[in-house]
Amino acid sequence: MVTEQTLLAGVLVFTPRVFSDNRGSFFESFNHRAFESAVGFPVQFVQDNESVSHQHVLRGLHFQLPPMAQGKLVRVVKGSVVDVAVDLRKNSTTYGKHVAVQLSAENKKQLWIPPGFAHGFLSLEEGTIFGYKCTNYYAPETECTIQWNDPELEINWGVEAPIISAKDQDSLLFHTFVSPF
């Protein structure tokens, strides 16, 4: 597995080695020992989630507040997405900055988003299946959302009018968010 550091410290891209022959292909999608070695600290995943999205569905920018903050290891099983992480760590030199990575079933890349980041993705294909491992359980009372199109964040999603949920429409502006991270 090849590991790449993004512009946001701690946010990593993992690209597996794929073995192909006349039968098809094989790759190791997760190896706990290699993953912990790459992130540099112990990680325990407690919940796996999966979503199916129509083309141009945008989910995010979501996160949970401490003590229920989550790290997420995300990947696409079918289709493709633009996946975005936004730094919410108030003492970070990249506070309020973001990274966008294209994840697809074809490239098999995974993105590690540690606690202290907001996360969102835009489905680029009909029927995109998105899977992710979480380091903490879902706790709706600690869930927060920052507006996907917040002008201060300057995220270029590549679509002007995505399909978003009512919850995501009723979300915080970045400048009103007081970070506990």
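Below are the figures for this structure:
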quantity: Whole-number percent relative contact order across the chain, with pairs defined as alpha carbons under 8 Å at least 6 apart; calculated: 29
quantity: Length gained when the stretch Glu154-Thr3 is fully extended (0.36 nm per residue, less Cα-Cα span); calculated: 51.7 nm
quantity: Structure-based [θ]222 nm, the chain - -39500 (n - 2.57) summed over DSSP H runs of at least 4, per residue, nearest 500; calculated: -1500 deg cm²/dmol
quantity: Which label in [x] 9.3; [y] 11.4; [z] 10.6 gives the computed mean projected area of the Cα convex hull in nm²; calculated: [z]
quantity: Rounded FRET efficiency, nearest 0.05, which uses the C-beta distance separating Gln102 from Gln169 and R0 of 35 Å; calculated: 0.90
quantity: Within a Gaussian network of the chain (alpha carbon springs, distance under 10 Å), most fluctuating of Val159, Val74, Val52; calculated: Val159
quantity: Residue among Phe35, Phe117, Phe14 with the largest mean-square fluctuation in a Gaussian network model of the chain, springs linking Cα atoms under 10 Å; calculated: Phe35
quantity: Choice from Gln110, Gln55, Gln70 showing the highest fluctuation, given a GNM over the chain with Cα pairs closer than 10 Å; calculated: Gln55
quantity: Approximate spin-label separation Thr94-Thr142, in nm, with each point projected 7 Å along Cα-to-Cβ; calculated: 2.3
quantity: Pairs of lysine residues in segment 44-176 - Cα separation under 27 Å, sequence separation of 8 or more or cross-chain; calculated: 19
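Rule-based calculations on the coordinates, nothing more; no lab input. Just so we're clear, the structure is a prediction, and the values are computed from it rather than from any experiment. Every residue, glycine among them, receives a Cβ derived from its backbone with ideal geometry; neighbour counts consider all protein chains shown.
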